[in-house]
Amino acid sequence: MSGPAAPPDLRARARASGSLVARRALDQPLRRIGIGGAVVLLAVTAAFGGLREQEKDGPEVLAVDVPVEVAPFELTVHRVVWTTDLPGQYLTDDGNRWIGVVATVRNTSDAGVLGVTLTDTLTLDDVDGLVQEPSVLVPGVEASAIALLEDGSSLSPVQPGLTYEAAFLFEQDGSAAPPTSATVLLQRQTWGVGILDETVSWRDPVTTLRGELDVREARSSEESES
């Protein structure tokens with residue numbers, strides 16, 4: 001005898017998940033994996049996004065000076081520049097340089113959000129020599145710091161409803177050539193709890209926008225005016 005199939009609710013959840021592994025497993029008679037095994041399989045699959053709605057399309061194209069919603073923020077990326085001198089920020093080596101993604105940031109939620117959540121929102125890719133290692137939680141490399149353009153102080157927390165002009169700062173080794181382009185990734189996050197962590201927070205970053213932007217050397221205000 002083949003044994004009973006998995007309960008209908010588990011099978012429906014597996015179909016909705018988009019996870020081929022979960023669907024095939026639950027198509028097997030329960031005597032092979034057991035109800036407990038099916039539940040564990042679904043939980044493990046969910047931890048890696050198996051029970052979440054799968055992205056059918058890739059990220060949208062990121063355009064400069066266009067506001068975009070990447071919960072819990074609205075971001076407008078303006079430009080990407082590099083510089084070796086940035087008041088209030090300190091390189092780990094004097095020969096290194098900063099690559100800065102200048103953006104307008106607005107917290108669209110109803111509560112303050114810590115800077116670590118903002119750090120997960122914007123990352124860099126396709127840039128040689130970045131000092132920071134690639135993130136294990138989001139694609140690309142996270143910023144070493146996020147500084148307010150007004151005074152160079154760190155942007156944390158990000159208060160609700162307020163608009164900030166800031167620079168996401170990435171340190172590049174001085175032995176590498178300054179980049180002429182960089183891939184900027186924007187991640188949307190979800191408010192909720194995790195599979196193994198019941199703390200309610202912004203989590204599960206998903207890349208929703210991607211753009212290859214030109215990088216130029218930063219100019220002082222006097223140089224720009226001239």
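For this structure, a couple of remarks:
- Once you reduce region 167-189 and region 57-96 to the center of their Cα atoms, the two points are 8 Å from each other.
- Gain on full stretching of the segment that runs from GLU69 to GLU217 - 0.36 nm per residue minus C-alpha separation: 50.5 nm
- Ligands, DNA and RNA are left out, and with a 1.4 angstrom probe the accessible area of region 60-225 is 52 Å² per residue.
- Cβ-based net charge around GLN172, under 10 Å, with every Lys or Arg adding one and every Asp or Glu removing one: -2
- Theoretical gain in end-to-end length, THR92 to SER181 [0.36 nm per residue, Cα-Cα removed]: 29.7 nm
- Taking 0.36 nm per residue of separation and subtracting the current Cα-Cα distance, fully stretching the chain between GLN132 and LEU114 would add 4.5 nm.
- Kirkwood hydrodynamic radius of region 117-163, Cα pairs, Å: 12.1
- Surface/4 estimate of mean projected area, convex hull on alpha-carbon atoms of region 60-225, nm²: 9.9
- FRET E, pair GLU60, THR84, Förster distance 30 Å, beta-carbon r, rounded to 0.05: 0.35
The values are calculated or read from the model by the stated rules, or taken from the named source; none is laboratory data. If you're wondering where the values come from, they're calculated on a predicted model, not measured in any experiment. Cβ sites come from the backbone with ideal geometry, for glycine too, and all protein chains shown count toward neighbours. Ligands, DNA and RNA are excluded from the accessible area calculation, which covers all protein heavy atoms including side chains. Shrake-Rupley method; radii C 1.70, N 1.55, O 1.52, S 1.80 Å.
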